[in-house]
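Student: Before I ask anything, let me first share the structure, which is written out below as structure tokens.
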Amino acid sequence: MLSLHHVQICILPEQEQAARDFYCGLMGLPEVPKPPSLQGRGGFWLQIGDQQVHVGLESPAFPSGKAHIAYQVDDLPRWRQRLVAFGLKVLESIPIPGFDRFETRDPFGNRMEFLQCIDIHP
């Protein structure tokens, strides 16, 4: 195994534009073109560093309890404020060494974790 290439989340077909507005607009993730052979399936792809998030259409969509994407950020309080201002409920996560973190769900039910490295050595 070399690396993680992409993860996929699912939304309902009628949520595609709202999901694009959320992920490309609020989250600021750039959309990348899908290969021509997959364009007819709907949905869209996003780029984050060297990895991608594929937003697929599925009816019904089944966001599950623990399944999630974890976004590593460099300004966790800013992300918390931005998501709360958008109307999302932020939940504190169980602490883990070396990270400050919280979780929420996107407007389509997909769980999202946001985490930031912290210096654990004073």
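Student: Show me, for the range 103-115, the HN-Hα J-couplings you get by feeding each phi into the Karplus relation (A = 6.51, B = -1.76, C = 1.60, θ = phi - 60°), rounded to Hz, glycine and proline as x.
Tutor: Each residue of the range 103-115 in turn: 9, 7, 10, 5, x, 10, x, 6, 6, 10, 10, 10, 9 Hz.
Student: Could you please state, rounded to a whole Å, how far the C-alpha centre of the range 1-36 is from the C-alpha centre of the range 78-100?
Tutor: Here the two parts' Cα centres lie 21 Å apart.
Student: Counting only residues 5 or more places away or on other chains, whose amide H sits under 5 Å from the amide H of Gln51 once H atoms are built in the peptide plane?
Tutor: Long-range HN contacts for Gln51: none found.
Student: To the nearest 20 debye, what charge dipole does the chain have about its Cα centre, counting +1 at the Cβ of each Lys and Arg and -1 at the Cβ of each Asp and Glu?
Tutor: Value, rounded to 20: 200 debye.
Student: Based on DSSP H runs of at least 4 residues, each adding -39500 (n - 2.57), what is the mean residue ellipticity at 222 nm of the chain after dividing by all its residues, to the nearest 500 deg cm²/dmol?
Tutor: Rounded to the nearest 500, the figure is -3500 deg cm²/dmol.
Student: Please compute the volume of the convex hull spanned by the alpha-carbon atoms of the chain and report it per residue in Å³.
Tutor: Given the Cα convex hull of the chain, per-residue volume reads 137 Å³.
Student: For a quick check: with amide H placed at 1.01 Å from N, whose amide H comes under 5 Å from Gln8's, ignoring anything fewer than 5 positions away on the same chain?
Tutor: Distant-sequence amide H within range of Gln8: His54.
Student: Past the 15 angstrom mark, what percentage of all C-alpha to C-alpha distances in the range 1-62 do you count?
Tutor: 51
Student: While we're looking at this one, here's another question. Starting at the first residue of the range 9-24, write each ³J(HN,Hα) from the Karplus equation 6.51 cos²θ - 1.76 cosθ + 1.60 with θ = phi - 60°, in whole Hz, x for Gly and Pro.
Tutor: Per residue, the Karplus-derived 3J(HN,Hα) values read 10, 10, 9, 6, x, 6, 9, 4, 5, 4, 5, 4, 4, 5, 6, 7 Hz.
Student: Please sort by residue number the trypsin sites (Lys or Arg not before Pro) in the range 18-120 whose DSSP state is loop and whose Cβ has at most 12 other Cβ atoms within 10 Å.
Tutor: Counting only loop positions with at most 12 other Cβ atoms within 10 Å, the trypsin sites (Lys or Arg not before Pro) in the range 18-120 are Lys66, Lys89.
Student: Filter the GluC sites (Glu not before Pro) in the range 1-105 to those in DSSP coil with at most 15 other Cβ atoms within 10 Å of their Cβ, and list the result.
Tutor: Glu58
Student: What is the dipole size for the range 1-62, taken about its Cα centre, with +1 at each Lys and Arg Cβ and -1 at each Asp and Glu Cβ, in debye to the nearest 20?
Tutor: Dipole about the Cα centre, nearest 20: 120 debye.
Every read-out reported here was derived from the displayed coordinates using simple, explicitly stated rules and does not represent laboratory data. Note that the coordinates shown come from a computational prediction; the quantities given were computed from them, not determined experimentally. Positions of Cβ are backbone-derived with ideal geometry, glycine not excepted, and every protein chain shown enters the neighbour counts.
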